[in-house]
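Here the structure is laid out as structure tokens; the discussion comes afterwards.
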Amino acid sequence: MLVLVAPGQGAQTPGFLTPWLDLPGAADRVAAWSDAIGLDLAHYGTKADADEIRDTAVAQPLLVAAGLLSADALGAGTAFGAVAGHSVGEITAAVQAGVLSDTEALSFVRTRGLGMAEAAAITATGMAAVLGGDPDVVVAHLEKLGLTPANINGAGQIVAAGTMEQIAALEAEKPEGSMKVVALKVAGAFHTHHMAPAVLALEQAAAALSPADPTTAYVSNKDGQVVTTGADVVARLVGQVANPVRWDLCMETFAALGVTGIIELSPGGTLTGLAKRALKGVPSVALKTPDDLEKAAALVAEQSA
């Protein structure tokens with residue numbers, strides 16, 4: 001069983017959209033999406049520097065656009081047993097599951113990015129990954145410092161979120177048994193109470209959507225469960241900005257469903273890296289550039305044999 005996954009914020013790098021725009025029809029699609037949401041996706045994906053695309057309001061639509069382009073390049077006939085996305089990647093996954101249209105997804109993620117950027121501007125906040133250590137020990141240490149375990153990613157990685165002072169305290173005093181603390185290239189304490197104002201904006205945006213029920217198993221960040229109705233998918237997309245991402249539970253569900261291969265949409269690499277450690281022996285392909293499409297096609301063919 002093949003699983004399709006979409007990465008979250010922080011996966012973007014300067015110029016990463018450039019090779020995807022060379023695919024037939026891609027530039028026109030991106031131009032139409034840009035007009036629809038009032039953001040020049042082609043510019044930010046090809047010419048902007050790291051600081052510009054670190055902006056939450058830019059990064060999130062850019063990631064969804066890249067995910068949709070790479071999914072389309074895989075081919076409509078590719079059969080996946082399940083789909084999931086990490087944080088903003090859940091919106092990309094919702095399109096692949098048939099819950100939202102491309103245009104609905106881009107409009108919704110534009111509201112999400114702007115709302116989260118505004119919420120992040122209220123207080124100076126950030127995120128940092130804690131690598132290694134016993135999960136219970138790490139979580140207890142974070143809570144002692146007033147931090148939230150915002151992303152429990154599995155494979156020895158927990159992402160903390162909170163004020164910059166709290167992040168500095170974590171860097172100065174890492175949890176017992178952990179290897180290191182790495183600050184993330186994000187502009188706020190996502191998936192915490194700091195994002196509550198964005199939830200209100202997304203509730204209003206969700207009212208304009210017409211979600212369909214998933215046609216492919218949709219695995220939710222909230223609890224790793226398979227969600228069966230479009231209304232529930234959207235409700236979870238609204239609430240997830242202020243609640244932790246449980247990617248560890250998503251991977252447990254992949255294993256329970258019998259995953260035999262994973263393909264990660266552009267800009268791939270983060271989620272396949274976690275899978276290599278948590279789902280040992282399961283082959284995976286990360287779509288970093290269109291050159292990786294051949295490897296993905298080979299994996300699809302191998303799984304279909």
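The values are calculated or read from the model by the stated rules, or taken from the named source; none is laboratory data. Quick caveat: nothing in here was measured; it's all calculated off a predicted structure. Backbone-built Cβ (ideal geometry, glycine too); neighbour counts: all protein chains shown. For the accessible areas, the whole protein counts, side chains as well, though only heavy atoms, and no ligand, DNA or RNA atoms are used. Shrake-Rupley method; radii C 1.70, N 1.55, O 1.52, S 1.80 Å.
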If I ask for residues that are in contact (Cβ under 8 Å) with a residue 24 or more places away in the chain and either surrounded by fewer than 24 Cβ atoms within 10 Å (Cβ to Cβ) or not hydrophobic (A, V, I, L, M, F, W, C) (or both), which ones from region 151-167 would you list?
ASN151, ILE152, ASN153, GLY154, ALA155, GLY156, GLN157, GLY162, THR163, MET164, ILE167
Of all residues making up region 186-245, the number that are touching a strand residue (DSSP E or B) at 6+ places or on another chain (Cβ under 8 Å) and in contact (Cβ under 8 Å) with a residue 40 or more places away in the chain:
21
Per the filter on region 2-37, residues crowded, with 22+ Cβ neighbours inside 10 Å and of a type in the set (Phe, Trp, Tyr) are TRP20, TRP33
Can you name every one of the helices (runs of 4 or more DSSP H) wholly within region 14-63 that holds 1 or more residues which are in contact with a Pro (Cβ under 8 Å, 6 or more places away or on another chain), within 20 Å of VAL88 (Cβ to Cβ) and touching a residue at least 40 places away in the same chain (Cβ under 8 Å)?
26-37, 50-54
Restricting attention to region 168-183, and to residues there that are of a type in the set (A, V, I, L, M) and under 11 Å from VAL130 (Cα atoms), which single residue is least open to solvent (accessible area, probe 1.4 Å)?
LEU170
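Say we look at region 66-109 and pick out the residues that are among the polar types (S, T, N, Q) and more than 26 Å from LYS295 (Cβ to Cβ); which of these is surrounded by the fewest Cβ atoms within 10 Å (Cβ to Cβ)?
Restricting to residues being among the polar types (S, T, N, Q) and more than 26 Å from LYS295 (Cβ to Cβ), the top hit is THR103.
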For ALA124, indicate whether it is open to solvent by 40 Å² or more (accessible area, probe 1.4 Å), closer than 18 Å to ALA57 by Cα and touching a residue at least 24 places away in the same chain (Cβ under 8 Å).
yes
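Residues checked against (1) among the hydroxyl-bearing types (Ser, Thr, Tyr); (2) under 20 Å from PHE108 (Cβ atoms):
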position: GLN12; (1), (2): no, yes
position: PHE16; (1), (2): no, no
position: GLY25; (1), (2): no, no
position: ARG29; (1), (2): no, yes
position: ASP40; (1), (2): no, yes
position: ALA66; (1), (2): no, yes
position: SER70; (1), (2): yes, yes
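If I filter region 124-142 for residues that are more than 21 Å from the chain's Cα centre (by Cα) and within 25 Å of LEU39 (Cβ to Cβ), do I get at least one hit?
Quick first cut of region 124-142, residues more than 21 Å from the chain's Cα centre (by Cα) only: 124, 132-142.
If we keep only those that are within 25 Å of LEU39 (Cβ to Cβ) as well, we get 124.
Taking every residue of region 124-142 in turn, at least one turns out to be more than 21 Å from the chain's Cα centre (by Cα) and within 25 Å of LEU39 (Cβ to Cβ).
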Residue in region 127-145 that is nearest to LEU249 (Cα to Cα), counting only those that are β-branched (Val, Ile, Thr) and surrounded by fewer than 22 Cβ atoms within 10 Å (Cβ to Cβ)
VAL139
Is it the case that ALA301 is more than 24 Å from PHE190 (Cα to Cα), open to solvent by 20 Å² or more (accessible area, probe 1.4 Å), assigned to a helix (DSSP H, G or I) and modelled with pLDDT under 95?
yes
Residues in region 264-272: is at least one more than 30 Å from PRO14 (Cβ to Cβ) and either buried (at least 16 other Cβ atoms within 10 Å of the Cβ) or charged (D, E, K, R) (or both)?
no
Could you pull out every one of the helices (runs of 4 or more DSSP H) wholly within region 71-165 that has 2 or more residues that are among the charged types (D, E, K, R)?
102-120, 135-144
When residues of region 238-268 are filtered for being closer than 13 Å to GLY224 by Cα and either touching a His at 6+ places or on another chain (Cβ under 7 Å) or assigned to a helix (DSSP H, G or I) (or both), how many remain?
14
Looking only at region 193-211, count every residue that is assigned to a loop (DSSP other than H, G, I, E, B) and buried (at least 16 other Cβ atoms within 10 Å of the Cβ) and tell me the total.
2
